[in-house]
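What follows is one structure encoded as structure tokens, with my remarks underneath.
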Amino acid sequence: QVQLVESGGGLVQAGGSLRLSCTASGSNFRFAAMGWYRRAPGKQRELVATITSGGGPNYVESVKGRFTISRDNAKNTVYLQMNSLKPEDTAVYYCTLVGSKYWGQGTQVTVSS
């Protein structure tokens with residue numbers, strides 16, 4: 001059974017930074033592409049960023065230049081460094097093994113103006 005546990009969310013002022021972490025257990029993490037999604041209030045879940053098993057990142061246009069996805073295979077952990085946060089980044093953020101049924105429980109990010 002694969003488990004994904006996110007952490008690092010919180011309340012921050014606009015322009016601030018947060019780093020989210022997602023630690024995986026029960027999987028061949030190093031061979032898996034990983035992704036971060038978010039769901040804002042009243043909106044559908046959207047892709048934020050993905051990272052391949054080899055470390056290649058991809059981002060949705062709205063976060064390019066502000067967010068950085070990375071991974072540490074020795075720790076079975078994927079990170080999302082979020083800088084220059086905006087109120088519209090407020091959402092519950094989820095990590096997932098790309099293409100799988102496995103999702104974390106989510107971590108709340110709230111950006112105040």
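Data for the structure
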quantity	calculated
Index of the failed condition, residue 28 passing every other in (1) at pLDDT 95 or above; (2) open to solvent by 20 Å² or more (accessible area, probe 1.4 Å)	(1)
Hits in segment 31-51 (condition: among the β-branched types (Val, Ile, Thr) and open to solvent by 60 Å² or more (accessible area, probe 1.4 Å))	none
Candidate set: segment 26-60, residues that are touching a residue at least 60 places away in the same chain (Cβ under 8 Å) and part of a loop (DSSP other than H, G, I, E, B); chosen: the one farthest from residue 90 (Cα to Cα)	27
Qualifying positions in segment 61-82 - part of a helix (DSSP H, G or I), of a type outside the set (Ser, Thr, Tyr) and surrounded by 12 or more Cβ atoms within 10 Å (Cβ to Cβ)	63, 73, 75
Flag for residue 88 being under 14 Å from residue 108 (Cβ atoms) and outside any loop (DSSP other than H, G, I, E, B)	no
Qualifying residue in segment 95-112 (condition: in a loop (DSSP other than H, G, I, E, B), open to solvent by less than 70 Å² (accessible area, probe 1.4 Å), of a type in the set (Ser, Thr, Tyr) and touching a helix residue (DSSP H, G or I) at 6+ places or on another chain (Cβ under 8 Å))	no
All positions within segment 48-82 that are within 11 Å of residue 20 (Cα to Cα) and not hydroxyl-bearing (Ser, Thr, Tyr)	67, 69, 78, 80, 81, 82
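The values are calculated or read from the model by the stated rules, or taken from the named source; none is laboratory data. For clarity, every value in this text was computed on a predicted model and none was experimentally measured. No Cβ is skipped: glycine too gets one built from the backbone with ideal geometry, and neighbour counts run over all protein chains shown. Heavy atoms of the whole protein, side chains included, go into the accessibility calculation; ligands, DNA and RNA do not. Shrake-Rupley method; radii C 1.70, N 1.55, O 1.52, S 1.80 Å.
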